[in-house]
1. Would it be correct to say that K69 is in contact (Cβ under 8 Å) with a residue 40 or more places away in the chain, within 30 Å of G277 (Cα to Cα), of a type in the set (K, R) and surrounded by 14 or more Cβ atoms within 10 Å (Cβ to Cβ)?
2. Quick check on my filter: what residues within the stretch 28-53 are charged (D, E, K, R) and surrounded by fewer than 19 Cβ atoms within 10 Å (Cβ to Cβ)?
3. Could you list all residues from the stretch 274-288 that are without any contact (Cβ under 8 Å) to a residue 12 or more places away in the chain and surrounded by fewer than 14 Cβ atoms within 10 Å (Cβ to Cβ)?
4. For residues that are of a type in the set (V, I, T) and closer than 20 Å to T149 by Cβ, scanning just the stretch 289-305, find the one that is surrounded by the fewest Cβ atoms within 10 Å (Cβ to Cβ).
5. Which of the residues spanning the stretch 306-329 are more than 19 Å from D25 (Cβ to Cβ) and either surrounded by 15 or more Cβ atoms within 10 Å (Cβ to Cβ) or in contact with a Lys or Arg (Cβ under 9 Å, 6 or more places away or on another chain) (or both)?
6. Could you tell me which residue of the stretch 311-359 is modelled with the highest pLDDT, considering only residues that are out of contact with any helix residue (DSSP H, G or I) (no Cβ under 7 Å at 6 or more places or on another chain) and among the hydroxyl-bearing types (S, T, Y)?
Amino acid sequence: MKRDYYITPKAGKIMRFLWKCAGGDRYILERATYSDQIKYMCLGGIVFATGAMAGLAGGYAFYTIFSAKGSAVEDVVDFPTVILSAIFGLIWGLMIFNIDRFIVTSTGKGDGTEKITWDEFKSAIPRIIMGAIIAITISKPIEIRMFQTEINNKLYEKQLELQKEFEKKTTANFEERLKVVEGDLGEVGKQRQDLISRIKIAEQAYTDNLMGKANGIGAGNGPLSKALKSQIDNLNTELDRFDQQNGDKINDADKKRKEILAEKEKVLATNVKVAQGLDGLLERIKLAHEVAGFWITLFITLLFMAIELTPIFFKLMLNKTPYDYLSENRDDLIRAENGIEVRYDYYKDKEGIERHLIINHEAEKMIFEKIKITEIQKELTEYAIAKYKEREKEKIDGNLDEYIKKINPDEFTS
């Protein structure tokens, strides 16, 4: 707006967009001072930045929750989940943006001074609580992203510990089952195991003789070595004959053993998958607190709370400016145009709090007109009834018998 004493700078598209973010009235801001324009631009910038950070935090949290799980040190990108996370982050960011915008626009100027009184602070408590909750939800995903490397290392250690614990339990469980299989063989299993042990001892003795490790015997294939070789062959033959005689029982035991070992391998593979599944959002938040410590975590949370709550306290601390007076003038003009009168601090309620008296003149005018029209209609109806009564009396005076005949014709004829 051009004036002789002051020319308000023309706002650009970015500034007007940030005005909208802060809930500022463009029509009034273009006619206010440059300082008013900057204030609402800064407020809008904080609201927009909060919404953007909320979108990033929400998208990252969604990806952490729903992405494919694996080793914590493997950096594998799950593109379908990335797309879904981007969509969710956009929706979440817009939702937080609108909530913040509502909080900022619904926060008044208080008493229009820099001092925040207790009454002003008390009225702002619901908005402060809402802002604090939003700040915490934004800070946690960003916090785990800031310490991602340290968290991944800690998480990998926990995954290995969990996997090792699972392996111990699984091995113990399957060893018990293998013992049951060996117990089913009974004496046959013991005899076969005894033959295998004798073969191993003979093979070891044969090897020692060939290598010259036996006491007092030189290296080479001497008589003793040949005798040991013959003993080994005899034991193997005996083992084959033993297996043929007890083949069915041994084969059943081997089959069960192989099935148990195959099942064990599957369970161990499942244990690895389960251990790698320890990669959720809650676990990362816990590790973030462990890695960063109490004070750093508190500092990050307070930082985001400061960003989130700044517009609320900022508006409570603002002195009234031309924008506020122009806004009040606009509101008064709209009220006057629609016949609304506000008498400030007109009466006190039962609790002694001063209240405004709001008079809706247009509504009262319509009510008054309706009342008067109703009253006139009543008077006219009464007048018409009176005239009708007089006319009927005249008819009766002129011809009483005819009137009685109309009332009770049977009596008249009788």
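The values are calculated or read from the model by the stated rules, or taken from the named source; none is laboratory data. Bear in mind the structure is a predicted one, so any value in this text is a computation, not a measurement. Please note: Cβ atoms are built from the backbone with ideal geometry, for glycine as well, and neighbour counts cover all protein chains shown.
1. Details: in contact (Cβ under 8 Å) with a residue 40 or more places away in the chain: yes; within 30 Å of G277 (Cα to Cα): yes; of a type in the set (K, R): yes; surrounded by 14 or more Cβ atoms within 10 Å (Cβ to Cβ): yes.
Yes, satisfied.
2. E30, R31
3. Within the stretch 274-288, the subset without any contact (Cβ under 8 Å) to a residue 12 or more places away in the chain is 282, 286.
Result: L282, single match.
4. Looking only at the stretch 289-305, we keep the residues that are of a type in the set (V, I, T), and these are 291, 296-297, 300-301.
If we keep only those that are closer than 20 Å to T149 by Cβ as well, we get 291, 296-297, 300.
Details: V291: 19, I296: 15, T297: 19, I300: 18.
That would be I296.
5. I307, E308, L309, T310, I312, F313, L316, M317
6. Out of the qualifying residues, it is Y325.
Residue by residue, here is whether (1) over 24 Å from the mean Cα position of the chain (by Cα); (2) assigned by TED's automatic domain parsing to the domain that holds R177; (3) assigned to a loop (DSSP other than H, G, I, E, B) holds:
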| site | (1), (2), (3) |
| --- | --- |
| D243 | yes, yes, no |
| K249 | yes, yes, no |
| E263 | yes, yes, no |
| K266 | yes, yes, no |
| T297 | no, no, no |
| L309 | no, no, no |
| S327 | yes, no, no |
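This table checks each residue for (1) part of a helix (DSSP H, G or I); (2) at pLDDT below 85.
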| residue | (1), (2) |
| --- | --- |
| G59 | yes, no |
| T64 | yes, yes |
| A68 | no, yes |
| L84 | yes, no |
| G93 | yes, no |
| F102 | yes, no |
| D111 | no, yes |
| K115 | no, yes |
| P126 | yes, yes |
